[in-house]
Each structure stands twice: as structure tokens, then as C-alpha cells.
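Student: Starting off with a structure, shown below.
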Amino acid sequence: MEKWPIGVFTSVDAGLGVKLEVAHELGIPTIQLHAPHQASRTKENAQQFLSRLRELGIELTCVFGGFEGESYANIPTVACTVGLVPRETRAARLAEMKEIADFARVLGCDAVGLHLGFVPHDASDPLYQETVDVTRDLCNHCAALGQALHLETGQETADALIEFIMNVECQNLFINFDPANMILYGTGEPIAALERVGQYVRSVHCKDGKWAKHPGEEWGQEVPLGEGDVGMENYLRTLDKIGYHGPLTIEREIPQEPERQKAEIGHAVKLLTELKAKIG
Ligand code: MG
């Protein structure tokens, strides 16, 4: 693979990713995929999707799981609805994540990702150890399929994330670094965080955001790439510094209106292409 192929977060029938056709029209060579709903995750659909990817010459680099009932309405709601942390939904979601990993395997994809949820900050909280255990269980399932598990950044500080990964003690547990999430959740300055977690970064999102007035209490604002507080040139230079040469996957959480998506994603592709040429 060339250094830093451009990518985009796509969706077949769920989430806010762009459609595969948009990626193709923009000449984007790699995608991450928001896992389709359970009814669509058949072997037949996977094989159809795979042949469509081959036709378009697009490489799938990571499949992200998401769950019914998750809400990003505000930060406290994230804590009680997102990922594998909430107890009430954990067993069902673990089973579903394993199915998603199996689906990704059929797609020939060796990485699956997710928002784990708000890992408690206090390691002596019983919920912390439970989250370590469920993550290990999922990692073991992925390892048997020859896959890595990528944790989306945002809800934890860089130090908390490293400590968590060390506690899980699995060789296939890595990070999908999202610089905007650090700003949106108010969990740390993204460039410093990236340097800190660098050795664990195996995939990234190119997304931008502006700090909230009271970071950590309220959301920052997600904005088009290059218009926020991440600093895209510095971001790419830091990715270079930590030795990350994998896909630059654009993520933009806007509704699926093809024209708007094409315009905004097209603008992001142009920005990243210019920066790639500049930084190499
Ligand atoms: Mg992201």
C-alpha cells in the first residue's frame, strides 16, 4: 500500500457514513465500514459487497461495530448508552460484536473497531475490571480470526487509554485515533495525545472539531476538515513522526445527502492530498 492512502468512513444501511458510490466517484482507494444491521449481515451480502469493492478497486481497512440504543445526545448519555461498558446490554452487544468480527472476516478484513464506551476513570471501580474482561473476551475472538481490535479514541485521556490496553494484556488490541474526538469530549489536546499513544495507533480518522466553552461537560462542535482546532498539517506531521503510514480515513458525521457529502468529502480529500504532497 502507498503511504497514507486516503480513506472514508462508509455505511451500507446504518450510521452517518458516506455511501460507497460517493467514495468511488471521489476516487478514494480505501474505506472503513460501519457494520450493517444484523439482518443485512449475511454471508451472501458480505460476498456481494466484497465483489462490489473489487469492481470499484476499493480496499476495506476496518469494520466498525455500533449498537441499537446508543445515543450521543450529550456526554452523560454516552456514558450510559454507548459500547460495552453499560451492564444491561453488555452480553448481547459482546455477542453482536463477535458476529460483526465474523462478518468482517468474510469481507477479508483484518481489523474491527468500536467505541468501547466510557471506561470508568477509577481502576478500582468494579465496572473497570468488567470492561477489561469483556474487551479481552472480544480480543480473543478477533485473534482467532486473525484480526486486531481498534478502540476509537475520545472518551478517555491518552494515559487512561494506555493503562487500559496494558490491563487487557492482548497483543491484538490497538487504537483508532480520532483527533476531533479528543476535542469534542474534552479529553486532551489531540497532538500531544497522539504522540503519547503513538505505538498503539493502527488506524486513524481525519475529522476536525472546535473546543467547547466547558470541555468535558458539553460537546465541542464537529466541523469540516481544516476548519477546526486539530490543525491538520500538524496532525499529519505527527502521524509521520510516530511512523503511521496507513490510511487517512475521513470521517464526517453529516446526514446522508449525497450532494452535500460529495462536496464536503471532496474538499477534505483535496486538503489531505495537498498536505500529503507537502509533507510526503
Ligand atoms: Mg471517529
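Student: Restricting to the stretch 243-265, what's the tally of residues that are surrounded by fewer than 16 Cβ atoms within 10 Å (Cβ to Cβ) and at pLDDT 95 or above?
Tutor: 2
Student: Shifting gears a bit: Of all the strands (runs of 3 or more DSSP E) wholly in the stretch 138-213, which have at least 1 residues that are within 13 Å of the ligand (Cβ to nearest atom) and of a type in the set (A, V, I, L, M)?
Tutor: 148-152, 173-177, 201-206
Student: If I filter the stretch 14-35 down to residues being modelled with pLDDT under 90 and away from the ligand (no atom under 16 Å from the Cβ), which single residue comes out as nearest to Glu59 (Cα to Cα)?
Tutor: Of everything passing the filter in the stretch 14-35, Leu20 is nearest to Glu59 (Cα to Cα).
Student: Restricting to the stretch 233-272, what's the tally of residues that are within 15 Å of the ligand (Cβ to nearest atom) and in contact with a helix residue (DSSP H, G or I) (Cβ under 6 Å, 6 or more places away or on another chain)?
Tutor: Here the count works out to 4.
Student: Identify, by number, the condition in (1) away from the ligand (no atom under 14 Å from the Cβ); (2) part of a helix (DSSP H, G or I) that Ala123 doesn't meet.
Tutor: Result: Ala123 passes all but (2).
Student: Are any residues in the stretch 1-13 under 18 Å from the mean Cα position of the chain (by Cα), at pLDDT below 90 and either surrounded by fewer than 16 Cβ atoms within 10 Å (Cβ to Cβ) or under 18 Å from Val204 (Cβ atoms) (or both), and if so, which ones?
Tutor: Residue satisfying the conditions is Asp13 alone.
Student: Moving on. Restricting the search to the stretch 1-34, which residues are part of a helix (DSSP H, G or I) and β-branched (Val, Ile, Thr)?
Tutor: The one that is part of a helix (DSSP H, G or I) and β-branched (Val, Ile, Thr): Val22.
The values are calculated or read from the model by the stated rules, or taken from the named source; none is laboratory data. As the structure is a computational prediction, the values presented were derived from the model and not from experiment. Don't worry about glycine lacking a Cβ; one is built from the backbone with ideal geometry, like all the others, and counts go over all protein chains shown.
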